[in-house]
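The block underneath contains the structure these notes are about, expressed in structure tokens.
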Amino acid sequence: MFDLILSQVHVMERFTIPNRQTTTVFSFIYLKQLPKETHFNLNRIFAFMSYKHINMKYTIQEKEILFTRHIKKGNTSEVYVCSKNEFVLKKITKFINHNCYNREIYILKLLNDSKFDWCPILIKSLDNENSFIMTYCGEQMNKTNKPTDYKDQITKILNDMKSINLKHNDIKPTEILVYKSKIYLVDFGWASLIDDFSCGVYGISSKEKPCGIFQDNQSLYFCPQ
């Protein structure tokens, strides 16, 4: 397949995208003879391959950690992982006035203090950047990595959240991760406590999630069969 693709490459142009901490280079591939719909898909693939490799350094536990891969661009944030898959860097980029950053920091601290082991561990908050660093929790659950007891694990997560009156409100397939046969729930930027988006904390907005609330108990429907 790639031999065929490379044999059809006609022109390659490189563009520098400004306004980033590190220069991002896209490679736009112009192909002939292959179907037009293939042109579009291949250009997206090559652009993504170029875009996802970045370099950002942060000091964690007196060690300099290099974040090298862009792994997710969501509705509110962008996520990067370090070279050894130990830590994840999350940058809140939208809905700043809804205080998604402060809310997620607060909820992660609450979950960590409660000793729940199915969520990321907050390592470092970067208030000036609306960013924080947490432990790596694996990849989105799929047919290949789905644990045999996935229903039991998800049920426990839902029961644990209910025990502290916590609702996630935004569980989607991309929020259910698997690492070493263990399921993790991530992305608590739209969470609420006792149906209060301010979580009872001064300074966190009580504005509700503007793009609709997903019921937590529907999360099992997202599991691959």
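The values are calculated or read from the model by the stated rules, or taken from the named source; none is laboratory data. Since we're looking at a predicted model, the values are computed, not measured. Note that each Cβ is placed from the backbone with ideal geometry, even for glycine, and that neighbours are counted across all protein chains shown.
Details
- For segment 111-225, the strands (runs of 3 or more DSSP E) that sit wholly inside it and include 2 or more residues that are closer than 16 Å to Ser77 by Cβ are 122-126, 131-135.
- Among the residues listed as Asn85, Asn97, Asn102, the single one being surrounded by fewer than 12 Cβ atoms within 10 Å (Cβ to Cβ), assigned by TED's automatic domain parsing to the domain that holds Lys124, outside any strand (DSSP E or B) and modelled with pLDDT of 90 or more: Asn97
- Just one of the listed residues (Lys151, Lys115) is in the same structural domain as Thr59 (by TED's automatic domain parsing), among the basic types (Lys, Arg), surrounded by fewer than 19 Cβ atoms within 10 Å (Cβ to Cβ) and at pLDDT below 95, and it is Lys151.
- Scan of segment 66-81 for residues that are touching a residue at least 24 places away in the same chain (Cβ under 8 Å) and touching a strand residue (DSSP E or B) at 6+ places or on another chain (Cβ under 9 Å), ordered by number: Lys72, Thr76, Ser77, Tyr80, Val81
- Members of segment 118-148 found to be aliphatic (A, V, I, L, M) and buried (at least 17 other Cβ atoms within 10 Å of the Cβ), listed by number: Leu122, Ile123, Ile133, Met134, Met141
- Residues in segment 68-82 that are among the polar types (S, T, N, Q) and outside any strand (DSSP E or B) were compared, and the one that is nearest to Lys124 (Cα to Cα) is Thr76.
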